[in-house]
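Everything on this sheet refers to the single structure shown next.
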Amino acid sequence: MTQLTLEEPRTEAELMARAKRLAGLTVGELGDRLGVPVPESTRRAKGLAGQLVERFLGASAGSRDAADFQAIGVELKTLPVDVRGRPKETTFVCTIQPNRMAQLDFEDSPCWHKLQRVLWVPVEASDAGPLPGRRLGTPILWSPTAEERRVLQDDWERVAARIAEGGLDEITSRLGDALQVRPKAASAAARQRVPDAEGFQWHNPRGFYLRTDFTARVLSRIR
């Protein structure tokens, strides 16, 4: 089966025109269009729905700190939702880089670069059945309001302050109103080297995630 790869869109209008063609497709139908088989079980296809959407829309950044659509500064987020359209999972934003956070303001952080402009593509969650039959929803283009930005920045700065004080391991998932800190690694044994007052320590990699209640409020506001 020949796999299809599309070029990155050059404007937001071009991106949205392409994204609207996703609405109503199943993940299996999208896979057929791209020449990618979609297995019944997500155990062998973790993240496949998001990867298919990225390919169809022409996302270019991959795992880098830049927005997925670098030329137009738009990030892509595929969001599992329930039958009422409410988010079922937290949304990964970026990996936390403790060595850099103390040197950055929020405006210069990968976190803000990823959240300035976001294209949300809803997809039915696992309770809708096997992966090939889950449908994609209507895409939504979002930028934070002044209040949403304030909440995001407050959360980021609280985490940055804890890290600067050497308290990385004291940060729990309870910290933050919109952003949540959680482990981010393929294995619980993964470690990263982080400097502290005594030299350095080894810590589990962590990432910023958007809480489900925050994304639910965002979606309800812009639908």
Discussion item. If I filter the stretch 152-166 for residues that are under 22 Å from Ser220 (Cα atoms) and among the hydrophobic types (A, V, I, L, M, F, W, C), do I get at least one hit?
Written reply: yes
Worksheet item: For residues in the stretch 27-60 being crowded, with 17+ Cβ neighbours inside 10 Å, among the small types (Gly, Ala, Ser) and assigned to a loop (DSSP other than H, G, I, E, B), which is modelled with the highest pLDDT?
Response: Gly58
Worksheet item: Would you pick out the residues in the stretch 96-142 that are among the hydroxyl-bearing types (Ser, Thr, Tyr) and either touching a Phe, Trp or Tyr at 6+ places or on another chain (Cβ under 8 Å) or in a helix (DSSP H, G or I) (or both)?
Response: Ser109, Ser126
Worksheet item: Yes or no: Thr5 modelled with pLDDT of 90 or more, β-branched (Val, Ile, Thr) and under 23 Å from Leu141 (Cα atoms)?
Response: no
Item to complete: Of the numbered conditions (1) in contact (Cβ under 8 Å) with a residue 24 or more places away in the chain; (2) surrounded by fewer than 17 Cβ atoms within 10 Å (Cβ to Cβ), Val74 fails exactly one; give the number of that condition.
Response: (2)
Practice prompt. Within the stretch 90-112, track down each residue that is in contact with a Ser or Thr (Cβ under 7 Å, 6 or more places away or on another chain) and acidic (Asp, Glu).
Written response: none
Worksheet item: Just for the stretch 139-164: of the residues that are in contact with a helix residue (DSSP H, G or I) (Cβ under 6 Å, 6 or more places away or on another chain) and within 19 Å of Gly207 (Cα to Cα), which one is surrounded by the fewest Cβ atoms within 10 Å (Cβ to Cβ)?
Response: Gln153
Worksheet item: If a residue has to be under 21 Å from the mean Cα position of the chain (by Cα) and surrounded by 13 or more Cβ atoms within 10 Å (Cβ to Cβ) to count, how many in the stretch 7-20 make the cut?
Response: 7
Worksheet item: Could you say which residue among Glu124, Glu148 is within 19 Å of Val93 (Cβ to Cβ) and among the charged types (D, E, K, R)?
Response: Glu148
Response to the item:
Just one listed residue, out of Gly167, Gly133, is at pLDDT 90 or above, farther than 19 Å from Gly73 by Cα, surrounded by fewer than 20 Cβ atoms within 10 Å (Cβ to Cβ) and not acidic (Asp, Glu), and it is Gly133
Worksheet item: Does Gly129 satisfy the criteria of being in contact (Cβ under 8 Å) with a residue 40 or more places away in the chain and out of contact with any Ser or Thr (no Cβ under 9 Å at 6 or more places or on another chain)?
Response: no
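The values are calculated or read from the model by the stated rules, or taken from the named source; none is laboratory data. Just so we're clear, the structure is a prediction, and the values are computed from it rather than from any experiment. Backbone-built Cβ (ideal geometry, glycine too); neighbour counts: all protein chains shown.
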